[in-house]
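Let me begin by presenting the structure, written as structure tokens, before commenting on it.
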Amino acid sequence: VKPNVLAGIAVLLISACATAALTAPAVRGAANNAPAAVVVQMTNSLAFEPELVTIRAGQAVKWVNSSYAIHTATAIPDKAKDPRSVNLPKGAKPFGSGLVSPGGTFSHTFDVPGRYKYFCIPHEMAGMIGEVIVLPAGSEGAGSNAPQTQPAASAPTTAGAGEATKPSTPTFVLGAHLPPRPPDYREATGILKFIYWLGSFHPPATDVPIGLILAGFLSEVLLVATRKNAFAVITRYCVWVGGLAAFGTAILGWCFDGFRVYSDVWMLTTHSILGSVTGVWGLLLIGISELARSRNSARWTWAFRATLVAAVVLVIVTGFFGGAMIYGLHHYAWPSGHRM
Ligand SMILES: [Cu+2]
């Protein structure tokens with residue numbers, strides 16, 4: 001045996017001891033002697049955390065959805081858009097969680113050793129892919145059942161149940177007057193519960209400003225094309241209702257996400273900032289629309305039209321990032337079967 005191989009084994013042994021020492025308190029907390037399930041979080045970042053876990057045959061992995069979105073943990077080749085998203089060792093049966101709602105969990109026990117690759121059906125194209133390495137059951141002597149990688153992120157199912165379902169707390173710096181709505185917000189009390197409940201109406205409410213501002217733009221185009229005054233009336237109506245709805249939707253969005261601008265999910269931060277700008281823009285649009293009507297000059301008319309075009313761009317881009325958090329960034333891409 002070459003000396004560097006021996007050195008490698010020594011390093012592995014030392015790190016295994018260190019891992020065992022670090023995880024000892026967590027493992028001691030387990031009430032029974034059954035192998036603890038390794039916990040994998042499904043997060044707002046559209047990722048499995050940790051992305052890779054190593055367990056022993058007979059051990060289970062428990063997926064916890066600690067996000068706002070719906071996720072799955074799926075290792076069914078037929079359901080993958082890209083065949084590289086799935087890998088099952090020979091003799092292992094495909095498995096799938098089905099849709100796991102926010103706060104929900106799914107467990108799967110791995111009996112066949114090997115390398116498993118699995119993905120989230122709605123977020124496969126967003127790169128939500130994870131791996132489980134299953135070592136043979138007798139691969140270690142009388143050691144503990146502590147998972148060998150990512151010990152910090154795993155917790156025993158029995159003792160740490162409360163801890164395991166706790167969502168990963170996103171960091172935020174600005175406007176942190178209210179914590180972001182947790183998946184189990186129904187346990188909130190008083191005004192907070194009411195605010196979070198109001199926030200649930202944010203996603204459907206977004207349809208109103210998007211629809212009306214686009215309709216207002218179309219009506220303005222038709223006014224220019226046909227010079228029929230009826231379209232001026234329609235534009236004004238769309239601007240009033242759409243502008244107010246944009247503002248209201250932004251407020252609902254703040255209720256949904258806990259009155260903060262910055263989160264650790266860049267898509268959410270982008271959506272939040274754009275949405276807030278769009279809300280204020282809606283009011284600005286109403287103001288300029290009314291001014292243009294009273295001034296009745298070409299300059300004000302075109303200033304209004306420029307503001308309207310900007311509003312159209314804002315609602316579309318904001319809506320895109322809102323959708324991207326659930327469906328991934330490439331949800332409008334032509335389905336080519338290949339990951340970008
Ligand atoms: Cu997902």
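Derivation of every value follows stated rules applied to the coordinates shown; laboratory data play no part. All values derive from a computational prediction rather than experimental measurement. Methodologically, a virtual Cβ is constructed for each residue, glycine included, from the backbone with ideal geometry; neighbour enumeration extends over all protein chains shown.
Here are the numbers for the structure shown:
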item: Cβ-defined net charge surrounding A230, 14 Å radius [Lys, Arg +1; Asp, Glu -1]; result: +2
item: Pairwise FRET efficiency - T109 versus I316, Cβ, R0 = 41 Å, nearest 0.05; result: 0.35
item: Two-site label geometry, A303 and F201: point separation in nm, points 7 Å out along Cα→Cβ; result: 3.5
item: Estimated inter-spin distance, I191 and L135, nm [label 7 Å along Cα→Cβ]; result: 5.4
item: Gain on full stretching of the segment that runs from N296 to K93 - 0.36 nm per residue minus C-alpha separation; result: 65.9 nm
item: Point-to-point label distance, L214-R227, nm (Cα→Cβ direction, 7 Å offset); result: 3.1
item: Residue order, fewest to most surrounding Cβ atoms within 10 angstrom, among M42, M267; result: M267, M42
